[in-house]
1. What are the residues in the range 70-92 that are at pLDDT 90 or above and over 17 Å from residue 128 (Cβ atoms), if any?
2. Looking at 168, 131 in this structure, which one is modelled with pLDDT of 70 or more and under 23 Å from residue 60 (Cα atoms)?
3. Would you be able to say whether some residue in the range 23-40 is at pLDDT below 85 and within 21 Å of residue 79 (Cα to Cα)?
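The values are calculated or read from the model by the stated rules, or taken from the named source; none is laboratory data. Quick caveat, the model's predicted, so the values are computed rather than measured. Note that each Cβ is placed from the backbone with ideal geometry, even for glycine, and that neighbours are counted across all protein chains shown.
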């Protein structure tokens, strides 16, 4: 029996398969069209900062470095993570050491106008947990470039980027 005879013998099954394929294609097209709209291109070059020891955070330009003066307070880079069962939180604050700040300033003084220091996007910063007073160098690194953060359920927390679809960016 040929394909044509099989299709003619089972018209209901053929129609069901066609409808199912159309629905699957429609869902894939809808999903693909939604993805670009979830990411805001204006967030490129932005990172999280906190000026209240990680209680809240805000977005600003990566080129500001860390720390910088923000409304009369020192703002530090905020490394925001999230767990599956909870909202985003600041796991670490990051700043450049005095030596790194000097290197960043040297980079900027020898670079064309508008060029950022090569250090600005690196994970080679001093870190501290919110609520602690002592800063330490970032020696333990994971895939994110920062120490691994564990969730209460034992899973590894995910580093949140401002360009992620759901960030809690203005927490």
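1. Start the filter on the range 70-92 by keeping residues that are at pLDDT 90 or above, which leaves 70-83, 88-92.
Answer for the range 70-92, where residues must be at pLDDT 90 or above and over 17 Å from residue 128 (Cβ atoms): 70, 71, 72, 82, 83, 88.
2. Working: 168 fails: modelled with pLDDT of 70 or more.
Answer to the check: 131.
3. Yes, the conditions are met somewhere in the range 23-40.
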